[in-house]
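Peer 1: Before we start, here is the structure in question, set down as structure tokens.
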Amino acid sequence: MSVDLELYLQISLTLFIIIDPIGYSLLFFSLTKDYEKEIKNKIAILSVFYSSIILLSYLFLGNILLGLIHVEIGAMKITGGLALFKTAHTIVYGDKNDYENVNGLENPFKIAIYPLSTGILAGPGTLTTIIILSHEFTEIYEYLTMILGILTILFLSLVFSLLTDYLNRIDKNILDILNITIGILLSSLSVTFIINGVKMFFF
């Protein structure tokens, strides 16, 4: 039993585009810049820990849940596409006010749950993508490959968030170009999901 390298690269690249560890790290810096390093590191670890639990749960239970509530995978693809398009819009246009206005000063660790975990790393777009990608999985190696892909991107997000003090020294224009490129790719992926979902209903 082994990991499918081609599937692993596909999953990892897809999740990298959706989660956008670079943009995540910049938002992490914005939300935690007033905290001591020890608190920032703990928030970074907690957000990835919570996200891993949520994403792995959806990997194994998401399609079962869809069956229980009688939701077609085509509908999930359309919903996921819309959620991803909203995320892409946020990445490209930098409209992160809803996240940046979160006040975690009383209990800074709350932001590890929202927005860092449930808003971004394991947000609606990521969850629907996990369900869509795993919908036709039948072999154990496919699930193992998905798990490895999820953990890889979450680990990258953790590393980038721990290095935000250094990343913040990089020319902002370079980071903006990278983010916009990721946002455009994500927009294309979201449209693909929507088109495939519509096809499942009408063709």
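The values are calculated or read from the model by the stated rules, or taken from the named source; none is laboratory data. What you see is a predicted model, and the numbers here were worked out from it, not measured in a lab. Quick reminder, even Gly has a Cβ in these numbers, built from the backbone with ideal geometry, and neighbours come from all protein chains shown. With ligands, DNA and RNA removed, areas are computed over all heavy atoms of the protein, side chains included. Shrake-Rupley method; radii C 1.70, N 1.55, O 1.52, S 1.80 Å.
Peer 1: Between residues in segment 166-179 that are open to solvent by 90 Å² or more (accessible area, probe 1.4 Å) and residues that are at pLDDT 80 or above and not in a helix (DSSP H, G or I), which pairs lie under 6 Å by C-beta distance while being six or more apart or on different chains?
Peer 2: Cβ pairs passing all conditions: none.
Peer 1: Regarding T79, is this residue closer than 24 Å to L156 by Cβ and either under 20 Å from the mean Cα position of the chain (by Cα) or among the acidic types (D, E) (or both)?
Peer 2: Details: closer than 24 Å to L156 by Cβ: no; either under 20 Å from the mean Cα position of the chain (by Cα) or among the acidic types (D, E) (or both): yes.
So T79 does not fit the description; no.
Peer 1: I would also like to ask the following. If only one of L127, L144, L158, L162 is in contact with a Phe, Trp or Tyr (Cβ under 8 Å, 6 or more places away or on another chain) and surrounded by 15 or more Cβ atoms within 10 Å (Cβ to Cβ), which one is it?
Peer 2: Working: L144 fails: in contact with a Phe, Trp or Tyr (Cβ under 8 Å, 6 or more places away or on another chain); L158 fails: in contact with a Phe, Trp or Tyr (Cβ under 8 Å, 6 or more places away or on another chain); L162 fails: in contact with a Phe, Trp or Tyr (Cβ under 8 Å, 6 or more places away or on another chain).
When all the criteria are applied, what remains is L127.
Peer 1: Looking only at residues that are part of a helix (DSSP H, G or I) and within 11 Å of I111 (Cβ to Cβ) in segment 26-41, which one is most open to solvent (accessible area, probe 1.4 Å)?
Peer 2: Start the filter on segment 26-41 by keeping residues that are part of a helix (DSSP H, G or I), which leaves 26-32, 37-41.
Still in the list and also within 11 Å of I111 (Cβ to Cβ): 27-28, 30-32, 39-40.
On the way: L27: 6, F28: 2, S30: 35, L31: 21, T32: 1, I39: 50, K40: 20 Å².
Checking each candidate, the answer is I39.
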